[in-house]
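Novice: Here's a structure for you.
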């Protein structure tokens, strides 16, 4: 009697499968993976803001916990807003996308009149103890409008130049208002997301060649004719040429990465955060993380971000397969947005791309960015929820039909 030898197989734990792809056959009405990823990034961000902000908070406010307390409040506020946003159906976002775009334009106009100026940039609206960075909700509302436009005019976008140009005109208006702040980083994020979404919607290749050529030309002109932007590019190419001037921030960041090595110096043992590295708790929080947790820590954050982006893109594909076009395009836009912003933030701190002042999604200090990214994450959960409900209703209908 011969025994059958079963092949050796490795099964991943269920929670890993749910995080990366989602529980397709689970009876749950939402994807727990989005929630798990969001909470992990919240906690990592809270720890890193705490360790990186204490020296500067002690000097500015005589309270080392000033920024970490505010960051904790932003997290609680984000969760509260998320609970409300989760109840809003996707049909509401699609129906009111034009009004949301108008509100975004209004915010960008208001900030130019009554906004607070910090380091030469007028980007914040002060509402008592709260400051709102107008560009953050503007990104989300523009992407809602763009997704709704592609649902209404997808055939025009694919067939003629007129349908392709219309959303670019809207983008041009927003870009003009953002340049007055100035905020070139947000413009680049919106441009890349628009470019990627139009490509996924099926626009023709020659349109993209033309769009990319014009976009690169205009961005180059903006850099060349603005001295401080040109200094950023030249210092990025060789920061050690002027390590105490235009290249100071990047050289300090690179030192943090170098000290981190493989496993890092340990939590709280960063030297660069002792006010050697400017903006250590906001734009350059990843440099402090690299110094304290090394290559392993940075790789962990990259994997978290990659999993979140992968899930967003997978959700967009699934929504389009279910003929939920607005939901699919918006999920794609959120995925591209999060991917590019995370890449620019990490790339800037590592000297791969010029510094652009973009936060690390769900990790860096900043209330407006935290709340906006949380709403974007909640929208992904809502899209997944509605798709699951649709599938459950279709299954129950089939079962009732079979019984009858």
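The values are calculated or read from the model by the stated rules, or taken from the named source; none is laboratory data. If you're wondering where the values come from, they're calculated on a predicted model, not measured in any experiment. Note: ideal-geometry Cβ built from the backbone for every residue, glycine included; neighbour counts use all protein chains shown.
Novice: Based on this model, can you work out whether residue 386 counts as closer than 23 Å to residue 78 by Cα, surrounded by fewer than 23 Cβ atoms within 10 Å (Cβ to Cβ) and over 14 Å from the mean Cα position of the chain (by Cα)?
Specialist: When the stated conditions are applied, residue 386 passes them.
Novice: Same structure, new question: In region 304-327, is there at least one residue being closer than 30 Å to residue 55 by Cβ and in contact with a helix residue (DSSP H, G or I) (Cβ under 9 Å, 6 or more places away or on another chain)?
Specialist: yes
Novice: Which residues, taken from region 157-169, are farther than 18 Å from residue 337 by Cα and either surrounded by 16 or more Cβ atoms within 10 Å (Cβ to Cβ) or in contact (Cβ under 8 Å) with a residue 40 or more places away in the chain (or both)?
Specialist: Residues satisfying the conditions are 157, 158, 161, 163, 164.
Yes/no matrix, rows are residues, columns are (1) free of Cβ contacts under 8 Å to residues at least 40 places away in the same chain; (2) surrounded by fewer than 13 Cβ atoms within 10 Å (Cβ to Cβ); (3) within 16 Å of residue 375 (Cα to Cα); (4) in contact with a helix residue (DSSP H, G or I) (Cβ under 9 Å, 6 or more places away or on another chain):
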| position | (1), (2), (3), (4) |
| --- | --- |
| 82 | no, no, yes, yes |
| 93 | no, no, yes, yes |
| 111 | no, no, no, yes |
| 121 | no, no, no, no |
| 144 | no, no, yes, yes |
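Novice: Which one is farthest from residue 47 (Cα to Cα), of the residues in region 220-268 that are at pLDDT below 70 and within 24 Å of the chain's Cα centre (by Cα)?
Specialist: Among those residues, the one meeting the criterion is 222.
Novice: Right, next: Any residue in region 190-202 that is on the phi > 0 side of the Ramachandran plot sitting within a Cβ distance under 6 Å of a residue that is modelled with pLDDT under 85 and surrounded by fewer than 19 Cβ atoms within 10 Å (Cβ to Cβ)? List the pairs, counting only those 6 or more apart or interchain.
Specialist: That search, which allows pairs on different chains as well, returns 202/158.
Novice: Restricting attention to region 57-72, which residues are surrounded by 13 or more Cβ atoms within 10 Å (Cβ to Cβ), in contact with a helix residue (DSSP H, G or I) (Cβ under 8 Å, 6 or more places away or on another chain) and assigned to a helix (DSSP H, G or I)?
Specialist: Once the filter is applied, which keeps residues that are surrounded by 13 or more Cβ atoms within 10 Å (Cβ to Cβ), in contact with a helix residue (DSSP H, G or I) (Cβ under 8 Å, 6 or more places away or on another chain) and assigned to a helix (DSSP H, G or I), region 57-72 yields 57, 66, 67, 68, 70, 71, 72.
Novice: Continuing with this model, one more query. Tell me yes or no: at least one residue of region 345-361 is at positive phi and modelled with pLDDT under 90. Let's see the steps before the verdict.
Specialist: Step one: list which residues in region 345-361 are at positive phi, which gives 351, 357.
Next, from what is left, pick out any that are modelled with pLDDT under 90: 351, 357.
Yes; the residues of region 345-361 include at least one that is at positive phi and modelled with pLDDT under 90.
Novice: Within region 319-339, can you find the residues that are more than 15 Å from residue 199 (Cα to Cα) and surrounded by fewer than 20 Cβ atoms within 10 Å (Cβ to Cβ)?
Specialist: 321, 322, 323
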